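Read through the structure below, which is laid out as structure tokens, and then see the notes.
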Amino acid sequence: MASKRATRSLLAPAAPLLRCAYASRPASALVRTSAQPFSTTTPSRAPEYDAEAADRPRWRQTPPRMQAPFRIRPAAKGGVFKVNEDPKRLDDAYVKLLGPGGDKVLDEEAKWLAVTHKSFDHGRRGFNDRLAYLGRRVVELQTSQALINSPQASSWPVDASGEPKVDGYGRRPFLHPALNGLAGLTDEAEQSVLDKTRLAQLAERYGLNKVTRWTPKRADNLKGSGEESVLMTSLYAIVGAVAMECGGEAANKLVQTKILTPLGFTFN
């Protein structure tokens, strides 16, 4: 107890001197500065601000701000599927489908967008779902009209005077030329015409399987990865792109001449 009182008696006279010395120091001396000096070097630009990358169209590159620094998922089995990046090959496919000058019908962005599936690059370069939705509506409308105007395999029997015969219950149906094709306007008839396999084979005939950009689940099993659905979507998307940029009349003509005619329909 005596030692504590002795220590306090020694420190008590020095406390006011310490406070005065601390208060007399300038404020600048109290600011703690970093030991490392600031750099005067101009910071390097991030990749997303690269002027050259900004000038490239979206179909040619992945947007820089959407790129991950490293791959999270393991690489797909069956090898790597290489997509087309050659504009000349794409133009050749459009010429086969749209005829001479078909490579000039759509602008560059629309041409690539119409053949880009949402599985390619995780959809970061745009994909053709909306164009395919519009194109499918156009194709279905033209198919329904073709089915109505097509001759039917069987019709209601008529008597010698041309009147329809009565059925087993004594009923006589009403017949009219405008109703002759109504029997073919069913969901089953339309689905059989626009079958996925038939449209995929048609797309291969025009070379769309060589230019469609998509990422299959297995590069060594394209059919099992859904190639038919992907090619059908590209075909619909091109019709939708033509309807958007050239109008409905051009899209209807494309469907009639390049899709329905090869499937067995005839048009005047």
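The values are calculated or read from the model by the stated rules, or taken from the named source; none is laboratory data. All values reported here derive from a predicted model rather than from experimental measurement. Cβ coordinates were reconstructed from backbone atoms using ideal geometry, including for glycine residues, and neighbour counts include every protein chain displayed. Just the protein is used for accessible areas: all its heavy atoms, side chains included, with ligands, DNA and RNA removed. Shrake-Rupley method; radii C 1.70, N 1.55, O 1.52, S 1.80 Å.
Observations on the model:
- The set of residues from segment 127-148 being open to solvent by 10 Å² or more (accessible area, probe 1.4 Å) and touching a strand residue (DSSP E or B) at 6+ places or on another chain (Cβ under 8 Å) comprises just one member, 127.
- Applying the condition of being free of Cβ contacts under 8 Å to residues at least 40 places away in the same chain and small (Gly, Ala, Ser) to segment 100-125 and asking which residue is surrounded by the fewest Cβ atoms within 10 Å (Cβ to Cβ) yields 101.
- Selection count where residues are out of contact with any Leu (no Cβ under 6 Å at 6 or more places or on another chain) and part of a helix (DSSP H, G or I), scope segment 112-141: 19
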